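One structure is given here, and the rest of the page talks about it.
The values are calculated or read from the model by the stated rules, or taken from the named source; none is laboratory data. Worth saying up front: this structure is predicted, and the values here are computed from it rather than measured. Every residue, glycine as well, gets a Cβ built from its backbone with ideal geometry; the counts of neighbours run over all protein chains shown. Just so you know, the surface numbers come from the protein's heavy atoms only, side chains and all, with ligands and any DNA or RNA stripped out. Shrake-Rupley method; radii C 1.70, N 1.55, O 1.52, S 1.80 Å.
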Amino acid sequence: MKNILKNLNYPLLLLMIIYSIFGLIMIFSASSIAAVLRYDVPTNYFFIRQLIFLIFGYIVGIAVLFFPTSSYRYFSKIAMWVMIFLLAVIFIYGSVSNGAQSWYEIGFLNFQPTEFVKVILIIYLAVYYNKISKKRKISLINMLYPLIFATLAFVLIALQPDFGGAFIIFGISALIFFSLPIAKKKKRTIYKVLLVAGILGVLTLLVAGKNIFQSYQISRILNFTNPCQRYSDDTGYQVCNGYIAIHNGGLTGVGLGESTQKYLYLPEAHTDFIFPIICEELGLIVGIVVVFGYFVILFLILFVAKDTDNLRNSILAYGIFAYLLMHILINLLGVLGLIPLTGVPLPFLSYGGSYNLCVIVSLFIVQRINIENKDAKLKKKIEEI
């Protein structure tokens, strides 16, 4: 225990705690009106649920610190198969929310397997590629095999349809795969295979598009510019009201709890559109500080990744970096109308149990890697004496 406490990355831990507390405050502010007027629940309903999720997330995260990353090989493949199974069965037993069949309702809890599969996929790829890296000869099939799971996850999530989640699965897999230490000649062959597979995948989606895409989702993809000119349309309504919120706030904000756009103008004020509410109530300056803080977290993860002495921990850290980066970029660019809106939450700030649990656990995995990095350095020093 003493060794764990000594070797934690305290700047990263401090930022996690700050964002958790700040997120709770903003979720309470952004959701209080919708809780009463839209959901007919007490004003603190989403705040209490988020607090429970965060407490549970930190308990699980602390437990993660006691398990070496080498132990992940015992469950990574089984966990990956379980997640693929849950993604497949969701079309039979899943619940529909915001036009996507992405949820399991378990009592008073909603479970979204898409969020868990992102972290499980990172763990599986890290364990698999670390294992085959020890072989003398690695075949093309060996290199591509784990991408079968990534492709299955991508397709099943896209069919829900959840294109934000599917794109993040693709991005995580691509960034991890392209960063692998592979000979240039073999990489060129792999890229050709992946290019052909990608073209076939796009053609399949285009042929099946009428059955997969809903009309408002096609509209979001084709018409994401000039949202305020499409105010009466669902594809422009939310983004335009996000603009209004940011404009209302100016540099210093209208005051905590004083947002007008959370009065059902922004239907997802406490989830996907939490950032415009932050800018409206606390100002653009605070909004910029929030974004800056995110990138400090990302750089701290990169420092841990560069300090690793094995491929497994390197892939784990870089994969978690990619996971958080894509969520941050897709959410912010979406709410600012720079890319099509896909409904991707922000780490710690957006309401959501499944997602925030995964974010907390993934960052505690980074902490575990940091502990192992420092232990490895100490062991090396002792051996040199």
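Key figures
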item	result
Criterion (within 25 Å of Pro68 (Cβ to Cβ) and either at pLDDT 95 or above or not hydrophobic (A, V, I, L, M, F, W, C) (or both)) met by exactly one of Ile278, Ile297	Ile297
Scope the stretch 1-19; condition open to solvent by 10 Å² or more (accessible area, probe 1.4 Å) and within 18 Å of Phe348 (Cα to Cα); matching residues	Tyr10, Pro11, Leu13, Leu14, Leu15, Ile17, Ile18, Tyr19
Residues within the stretch 17-58 that are on the phi < 0 side of the Ramachandran plot and outside any helix (DSSP H, G or I), tallied	6
Flag for Tyr58 being open to solvent by 20 Å² or more (accessible area, probe 1.4 Å) and farther than 21 Å from Ser354 by Cα	no
Among (1) free of Cβ contacts under 8 Å to residues at least 12 places away in the same chain; (2) within 18 Å of Glu268 (Cβ to Cβ); (3) part of a helix (DSSP H, G or I), the one test that Leu14 misses	(2)
Residue match in the stretch 23-31 (condition: closer than 19 Å to Val296 by Cβ and either at pLDDT below 95 or crowded, with 16+ Cβ neighbours inside 10 Å (or both))	yes
Verdict on Gly198 being surrounded by fewer than 18 Cβ atoms within 10 Å (Cβ to Cβ), over 24 Å from Gln238 (Cβ atoms) and either at pLDDT 85 or above or small (Gly, Ala, Ser) (or both)	yes
Unique residue being without any contact (Cβ under 8 Å) to a residue 60 or more places away in the chain and within 28 Å of Tyr124 (Cα to Cα) when the list is Ser20, Ser97, Ser76	Ser76
